[in-house]
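Colleague: Take a look at the following structure, please.
The values are calculated or read from the model by the stated rules, or taken from the named source; none is laboratory data. Just so it is clear, the structure is predicted and the values come from calculations on it, not from any experiment. Here the Cβ positions follow ideal geometry from the backbone for every residue, glycine too, while neighbour counts run over all protein chains shown. Just so you know, the surface numbers come from the protein's heavy atoms only, side chains and all, with ligands and any DNA or RNA stripped out. Shrake-Rupley method; radii C 1.70, N 1.55, O 1.52, S 1.80 Å.
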Amino acid sequence: MSKIQVEELSVIFGKRFREAKELQKQGKSKVEILNQTGCTVGVSKANLEIQEGEVFVVMGLSGSGKSTLLRCFNRLIEPTGGTVVVDGNDITKISEYELREFRRRKMTMVFQHFGLLPHRTVSSNVAFGLEIQGVDEDTRIKKAYEVIKTVGLEGYEEKMTGQLSGGMQQRVGLARALATDPEILLMDEAFSALDPLIRTQMQEELLQLQEKVHKTILFITHDLDEALKLGDRIAIMKDGFIVQTGTPEEILTHPADDYVRAFVENVDRGGIITAGSVMFKNPSAVRIKQDGPRAALRKMSNAGVTSMPVVGDNGKFLGFVKDNDMKEMEDKGLRDIEEYMYTREEVTAVTSETPVAELLPLFLDTNLNLAVVDENRKLIGVVVHSSVIAEMIGKERSEVKQIRQEGGIDL
Amino acid sequence: MIDIPLGDWVEQAVEWLSANASGFFNGITAGIDGMVTGLQSALLFPNDYLMIAVLAVIAYLMTSKGHKPFTKGAWKSAWGITVFTILGLLLLQFMGYWQETMQTIALILVSALIALVIGIPLGVYSSRHDAADQVIRPVLDFMQTLPPFVYLIPAIIFFSVGNVPGVVATIVFSLPPAVRLTNLGIRNVQQDVVEASRAFGCTQRQLLFKVQIPLAKPTILAGVNQVIMLALSMVVIASMVGAGGLGQAVYKGILKADMALGFEAGVGIVILAIFLDRVTQALGISRKQVSDEE
Ligand SMILES: Nc1ncnc2c1ncn2[C@@H]1O[C@H](COP(=O)(O)OP(=O)(O)OP(=O)(O)O)[C@@H](O)[C@H]1O
Ligand SMILES: [Mg+2]
């Protein structure tokens with residue numbers, strides 16, 4: 001079962017939320033509801049499933065309802081309808097007391113503007129969650145020192161938080177959230193207030209930390225690059241609706257609508273799209289034992305290609321052959337294609353997880369295609385140049401071909 | 001023309017109260033009287049010069065807060081008011097107003113203390129309940145704008161004459177800033193800090209005592225300062241209903257057209273005002289703030 005399950009979650013701000021809810025049922029848009037009732041729709045019938053240990057990113061433009069959605073998880077905002085089930089407990093139904101215990105032990109939060117207590121030291125800020133639980137001072141300060149070390153702030157324990165830089169303050173915020181050993185971390189634009197450089201660094205560190213602590217993390221951002229970098233899965237929000245949920249790659253390769261497409265258009269795709277999604281699957285291949293040059297040539301001309309992978313037993317990838325080599329062999333009356341095959345020393349195979357950005361350099365040394373293999377070196381696909389280039393610039397392959405034909409100048 | 005006898009109604013209400021709730025008012029009278037006379041005797045108990053020394057040390061320690069005691073920095077920020085306290089109080093002692101001065105201090109402290117004990121919780125309450133805030137606000141406006149002479153009359157009816165009606169009138173007059181500034185201070189605490197604290201599972205009590213009050217402290221203490229200064233400004237008026245101290249000396253001066261008496265006691269009030277103002281202003285300075293800069 002999933003760690004967190006959100007069903008039909010809605011938040012409507014305003015006095016006339018009942019009317020607004022009716023209109024919402026009728027499928028009226030956010031603007032229509034605002035005009036008719038004066039109520040703002042924060043979140044509209046959101047459905048999500050978040051797995052234990054994953055980093056789940058919610059992304060969307062400003063005002064799309066990300067913060068509101070997140071705050072329903074610990075009921076800093078009370079949902080108008082729907083349920084949030086965490087480990088089988090419906091959070092929207094629990095009592096004040098249970099809610100406090102839930103916030104104290106299970107789910108903590110990191111805020112965009114840190115939300116630290118300015119009248120306290122770093123260690124006392126970090127120990128705050130434990131203090132609230134009633135943990136005695138020695139124990140909680142000891143724990144705070146430990147966590148402060150984890151986030152790389154050793155030596156700053158007794159400083160006042162106001163004396164720290166933004167990046168350091170957010171480390172304190174993170175440490176405070178980790179100090180109670182919660183299972184779930186909510187992070188609302190946690191890195192958005194930081195300089196780009198510090199921000200990148202914090203992202204890296206969060207990922208490294210996650211390797212160690214394996215929390216379930218809900219991360220909010222309006223930055224797609226951040227979402228793609230951190231998220232195991234991403235949900236994209238627009239006007240209170242969740243318009244798409246999927247892995248970074250799914251979002252990039254199959255945007256659900258024009259909104260998502262516009263979002264992903266300018267992203268640096270090379271690092272995320274993998275060979276698996278640009279390759280031609282089940283390619284025809286030359287069989288090393290059975291096929292001679294003639295058969296190879298026929299296969300190539302049937303497929304309309306000038307080179308083809310060679311496989312051995314069980315479809316194991318061995319190398320490539322080119323059509324002009326095969327012609328030469330036929331002319332000379334040779335049979336064993338292995339002699340003219342580009343072997344594994346000369347060609348590189350990749351796995352389906354290799355990002356396309358890493359494929360490009362491999363094309364530099366050769367005019368052969370790339371073979372994609374599985375863990376047993378079985379051939380599963382072929383990647384051609386134009387697909388990779390198309391992916392990198394976010395265009396269709398046919399468009400790339402056209403550009404290539406029209407773009408050159410005749411000499 | 002319609003004749004609305006508002007004054008008559010108030011009078012009837014006041015009479016009804018004094019007739020039917022006399023036990024309650026007697027209790028209050030005894031309580032306040034006890035506090036004032038107790039504090040007064042305590043202040044007058046030590047030798048005058050010893051008391052001056054004590055007050056000077058208090059002034060020094062309060063205004064040098066934030067610096068390590070007895071360092072150059074501490075002396076630099078505190079020497080003015082310390083010297084002033086010694087000279088000012090010596091002057092009052094030499095002029096023969098020592099007893100009146102201590103009486104006035106006692107009256108002010110008791111009034112201010114009661115005003116704070118009522119006002120700060122009320123301020124906390126109205127910071128958390130918008131409805132309460134909306135009721136309390138106009139009442140405070142009313143209390144502050146009504147000329148203080150007007151509530152001397154019911155004060156006499158309920159508490160007869162002497163220190164007690166003076167203290168009560170002073171409380172009514174000086175209470176509003178305690179409520180207002182506490183309310184304001186708590187409402188102005190950064191919302192993201194409050195939200196973060198709630199997210200970590202604070203109870204309302206924890207939120208109040210660990211977050212809101214500490215962060216609102218400078219504003220609340222500004223309220224404390226204002227309450228004390230307003231209480232001081234009431235001493236002459238309070239003496240019209242029989243409260244003692246320097247205020248009474250000024251009042252006598254007015255009645256007898258005795259310039260010398262009025263002036264001497266007036267100077268005494270100014271000296272006390274400066275002392276109390278500087279010392280209570282220093283309440284707001286946090287220790288940590290300054291000591292890290294040194
Ligand atoms: N307390 C509130 N009262 C009324 N409307 C609100 C409230 N909080 C949020 N909203 C509205 O709900 C919608 C969603 O706001 P929300 O803060 O969740 O957006 P967001 O995606 O987090 O945006 P940002 O990136 O700017 O933080 C917005 O239209 C906002 O104006
Ligand atoms: Mg937000």
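Colleague: Can you tell me which residue is surrounded by the fewest Cβ atoms within 10 Å (Cβ to Cβ) among those in the stretch B:190-215 that are more than 7 Å from chain A (Cβ to nearest Cβ) and under 11 Å from A:Leu116 (Cβ atoms)?
Modeller: Filtering the stretch B:190-215 for residues that are more than 7 Å from chain A (Cβ to nearest Cβ) and under 11 Å from A:Leu116 (Cβ atoms), the one surrounded by the fewest Cβ atoms within 10 Å (Cβ to Cβ) comes out as B:Gln190.
Colleague: A further question on this structure: Here are B:Ile157, B:Ile153, B:Ile118: which of them is open to solvent by 40 Å² or more (accessible area, probe 1.4 Å) and in contact with an Asp or Glu (Cβ under 8 Å, 6 or more places away or on another chain)?
Modeller: B:Ile157
Colleague: Here are some conditions: (1) open to solvent by less than 20 Å² (accessible area, probe 1.4 Å); (2) in contact with a Phe, Trp or Tyr (Cβ under 9 Å, 6 or more places away or on another chain). A:Val350 meets all but one. Which one does it not meet?
Modeller: (2)
Colleague: Could you identify the single residue in A:Lys28, A:Lys21 that is over 24 Å from A:Ile220 (Cα atoms), open to solvent by less than 80 Å² (accessible area, probe 1.4 Å), part of a helix (DSSP H, G or I) and within 16 Å of ligand 1 (Cβ to nearest atom)?
Modeller: The unique qualifying residue is A:Lys21.
Colleague: While we're on this one: Among the numbered criteria (1) over 25 Å from the mean Cα position of the chain (by Cα); (2) open to solvent by 70 Å² or more (accessible area, probe 1.4 Å); (3) more than 30 Å from B:Gln99 (Cβ to Cβ), which one does B:Tyr49 miss?
Modeller: So the condition that B:Tyr49 fails would be (3).
Colleague: For the stretch A:378-406, enumerate the residues that are at pLDDT 85 or above and surrounded by fewer than 17 Cβ atoms within 10 Å (Cβ to Cβ).
Modeller: Selection gives A:Lys378 alone.
Colleague: Being more than 16 Å from ligand 2 (Cβ to nearest atom) and charged (D, E, K, R) is the filter here; which residues of the stretch A:68-94 pass it?
Modeller: Correct list: A:Arg75, A:Glu78, A:Asp87, A:Asp90, A:Lys93.
Colleague: Another question, if that's okay. Within the stretch A:353-377, track down each residue that is over 20 Å from A:Val310 (Cβ atoms), open to solvent by less than 70 Å² (accessible area, probe 1.4 Å) and assigned to a loop (DSSP other than H, G, I, E, B).
Modeller: Correct list: A:Thr354 only.
Colleague: Out of A:Arg75, A:Arg71, which single residue is in a loop (DSSP other than H, G, I, E, B), modelled with pLDDT of 85 or more and within 15 Å of ligand 1 (Cβ to nearest atom)?
Modeller: A:Arg75
Colleague: From the list A:Gln36, A:Gln51, which residue is among the polar types (S, T, N, Q) and closer than 18 Å to A:Glu183 by Cβ?
Modeller: A:Gln51
Colleague: Restricting attention to the stretch A:36-55, which residues are within 14 Å of ligand 1 (Cβ to nearest atom) and either assigned to a helix (DSSP H, G or I) or of a type in the set (A, V, I, L, M) (or both)?
Modeller: A:Thr37, A:Val41, A:Val43, A:Ala46
Colleague: Tell me the residue from A:Leu197, A:Leu218, A:Leu228, A:Leu174 that is within 27 Å of A:Phe102 (Cα to Cα) and assigned to a helix (DSSP H, G or I), please.
Modeller: It is A:Leu174.
Colleague: Contact list please: Cβ distance under 7 Å, first residue in the stretch B:137-162 and farther than 22 Å from B:Glu15 by Cβ, second residue buried (at least 17 other Cβ atoms within 10 Å of the Cβ), pairs at least six apart or on different chains.
Modeller: Filtered contacts from the stretch B:137-162: B:Leu140/B:Pro176; B:Leu140/B:Val179; B:Leu140/B:Arg180; B:Gln144/B:Pro176.
Colleague: Turning to a different aspect of this structure: I'm checking my understanding of the structure. Among residues of the stretch A:92-109 that are assigned to a helix (DSSP H, G or I) and open to solvent by 30 Å² or more (accessible area, probe 1.4 Å), which one is nearest to the other protein chains (Cβ to nearest Cβ)?
Modeller: Result: A:Arg100.
Colleague: Residues in the stretch B:86-100: is at least one in contact (Cβ under 8 Å) with a residue 24 or more places away in the chain and not in a helix (DSSP H, G or I)?
Modeller: The answer is yes; a qualifying residue exists.
Colleague: Among what's in the stretch A:69-91 and is open to solvent by 50 Å² or more (accessible area, probe 1.4 Å) and of a type in the set (D, E, K, R), pick the residue that is farthest from the other protein chains (Cβ to nearest Cβ).
Modeller: Within the stretch A:69-91, the match that is farthest from the other protein chains (Cβ to nearest Cβ) is A:Asp87.
Colleague: Out of curiosity, is A:Arg335 among the charged types (D, E, K, R) and modelled with pLDDT under 85?
Modeller: The answer is yes for A:Arg335.
Colleague: Restricting the search to the stretch B:242-257, which residues are crowded, with 21+ Cβ neighbours inside 10 Å and either within 19 Å of B:Leu109 (Cβ to Cβ) or among the aliphatic types (A, V, I, L, M) (or both)?
Modeller: B:Ala243, B:Gly244, B:Gly245, B:Leu246, B:Gly247, B:Gln248, B:Ala249, B:Val250 - these are the residues of the stretch B:242-257 that are crowded, with 21+ Cβ neighbours inside 10 Å and either within 19 Å of B:Leu109 (Cβ to Cβ) or among the aliphatic types (A, V, I, L, M) (or both).
Colleague: Let me ask you something else. Give me the residue from the stretch A:194-219 that is within 16 Å of ligand 2 (Cβ to nearest atom) and away from chain B (no Cβ under 14 Å) and, out of that set, nearest to A:Asn74 (Cα to Cα).
Modeller: Result: A:Phe219.
Colleague: Right, here's the next one. Identify the single condition in (1) in contact with a Leu (Cβ under 9 Å, 6 or more places away or on another chain); (2) within 13 Å of chain B (Cβ to nearest Cβ); (3) within 16 Å of ligand 2 (Cβ to nearest atom) that A:Phe191 does not satisfy, given that it satisfies every other one.
Modeller: (2)
Colleague: Continuing with the same structure: Please count how many residues of the stretch A:42-67 are within 16 Å of ligand 2 (Cβ to nearest atom) and open to solvent by 20 Å² or more (accessible area, probe 1.4 Å).
Modeller: Here the count works out to 4.
Colleague: Specify which of the listed residues (B:Met62, B:Met35) is assigned to a helix (DSSP H, G or I) and open to solvent by less than 70 Å² (accessible area, probe 1.4 Å).
Modeller: After ruling out the rest, the residue left standing is B:Met62.
Colleague: So is A:Gly152 more than 14 Å from every other protein chain (Cβ to nearest Cβ), surrounded by fewer than 23 Cβ atoms within 10 Å (Cβ to Cβ) and out of contact with any strand residue (DSSP E or B) (no Cβ under 7 Å at 6 or more places or on another chain) or not?
Modeller: Against the criterion (more than 14 Å from every other protein chain (Cβ to nearest Cβ), surrounded by fewer than 23 Cβ atoms within 10 Å (Cβ to Cβ) and out of contact with any strand residue (DSSP E or B) (no Cβ under 7 Å at 6 or more places or on another chain)), A:Gly152 qualifies.
Colleague: Mind checking which residues of the stretch A:110-143 are more than 11 Å from every other protein chain (Cβ to nearest Cβ) and open to solvent by 60 Å² or more (accessible area, probe 1.4 Å)?
Modeller: Within the stretch A:110-143, A:Asp136, A:Glu137, A:Asp138, A:Thr139, A:Lys142 meet the criteria.
Colleague: Here is a list of conditions, (1) closer than 30 Å to A:Asn125 by Cα; (2) away from chain A (no Cβ under 14 Å), and B:Val167 meets all of them except one; can you say which number that is?
Modeller: For B:Val167, the failing item is (1).
Colleague: Which of the residues spanning the stretch A:155-179 are within 14 Å of chain B (Cβ to nearest Cβ) and within 13 Å of A:Val110 (Cα to Cα)?
Modeller: A:Gln169, A:Gln170, A:Val172, A:Gly173, A:Leu174, A:Ala175, A:Arg176, A:Ala177, A:Leu178, A:Ala179
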